[in-house]
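Heads up: the structure comes next, in C-alpha cells.
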Amino acid sequence: MNVLFTKEIIQQQVIANLNETISPVFLDVLKFKIKILKKFPLKNQSLIFTSANGVEAFFKNNFLPKDNFTVLPFNKIYCVGAKTKLKLREFGFGVFKTVKNAQELCEFIIEKSSREDFLHFCGNLTLDILDEKLPLQNIKYEKIECYETELLYPKTSENFDALVFFSPSGVRSFAKHNSLENSTLFSIGETTSAEIKKLTKKDIITSKEQTLKSLLKLINNKFKANTA
C-alpha cells in the first residue's frame, strides 16, 4: 500500500511505526518562515498558541512567559492540540488549558475566562474563529502573526492508496493540482477534515486525539484489515 504523507519532517517517526505492508511517501505541501518581531512586554496577558509553529516562533523571538501561578501577575497559557502542548513542554512551560480545536477554545474562553486579556501567537493563515467571536463578547484579544505559511501547490503524477493530511492549509495546497477521489483519506483532526469535506464527498478517517501516534494507529488498522 502506497501512502502519501503531506509532511516530510515526520519521516523517521512514520517509518518506525508503520506496518510492513505500507510503503510511505513524503511530500512537503507547506513552507514555514518565522517572522522577526519587535519585542514587547507580555505583562499579565494570557497567551494562546494554536500550533507548534507558533510556539517555535514565539521563543525564537525571545519572548518568555511568566507562568508561576503562585505569583501575580502571570501569563496563563492556552493551546490547541497535543503537539502544541508538547512543544511548549520542550521549552519548559506548562499549559493552563489544552483543547482539540479553535472552536472549543473559543467556547471555553467565553464561558470560563472572559475577564482575561489574550495575545494569540499564530501564522498568517490561522483560522479567524477567535478573532471573529471573542471581541463580540467584549473580550480583549489581539492576534500576533509570528510566522508565515506558504502553500507550495505541488504536483504529483503518482497514484496513492491513501493520502494523509495535517492541516487545512495543507489540504488546500495539495488539492489545487491533485485529486482526492481515488485514495483513502486520513486527517489528523476535525478542523482538517472540515477542509477536506469542502472538496470531496468521500469518507474521511479522522484521528480524534490529533496526534501522529493516533493517526498512524488508524492507518495501520485500516490496511491491516484490508490485507487480512
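The values are calculated or read from the model by the stated rules, or taken from the named source; none is laboratory data. Computed from a predicted structure; not experimentally measured. Because the Cβ atoms are built from the backbone with ideal geometry, glycine has one as well, and the counts that use them run over all protein chains shown.
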Residue in the range 168-176 that is part of a loop (DSSP other than H, G, I, E, B), surrounded by fewer than 19 Cβ atoms within 10 Å (Cβ to Cβ) and modelled with pLDDT under 95 present: no
Among (1) farther than 24 Å from LEU47 by Cα; (2) part of a helix (DSSP H, G or I); (3) among the polar types (S, T, N, Q), the one test that THR192 misses: (1)
Condition met for SER114 (among the polar types (S, T, N, Q) and in contact (Cβ under 8 Å) with a residue 24 or more places away in the chain): yes
Residue among TYR141, TYR153 that is surrounded by fewer than 16 Cβ atoms within 10 Å (Cβ to Cβ), aromatic (Phe, Trp, Tyr), under 25 Å from ALA57 (Cβ atoms) and over 15 Å from the mean Cα position of the chain (by Cα): TYR153
The listed residue being surrounded by fewer than 18 Cβ atoms within 10 Å (Cβ to Cβ) and in contact with an Asp or Glu (Cβ under 6 Å, 6 or more places away or on another chain), out of PHE32, PHE26, PHE40: PHE26
Failed criterion for LEU125 (all others in (1) assigned by TED's automatic domain parsing to the domain that holds LYS43; (2) at pLDDT 95 or above; (3) touching a helix residue (DSSP H, G or I) at 6+ places or on another chain (Cβ under 6 Å) hold): (2)
Every residue from the range 195-218 that is surrounded by fewer than 18 Cβ atoms within 10 Å (Cβ to Cβ) and assigned to a loop (DSSP other than H, G, I, E, B): LYS198, LEU199, THR200, LYS201, LYS202, ASP203, LYS208, GLU209, THR211
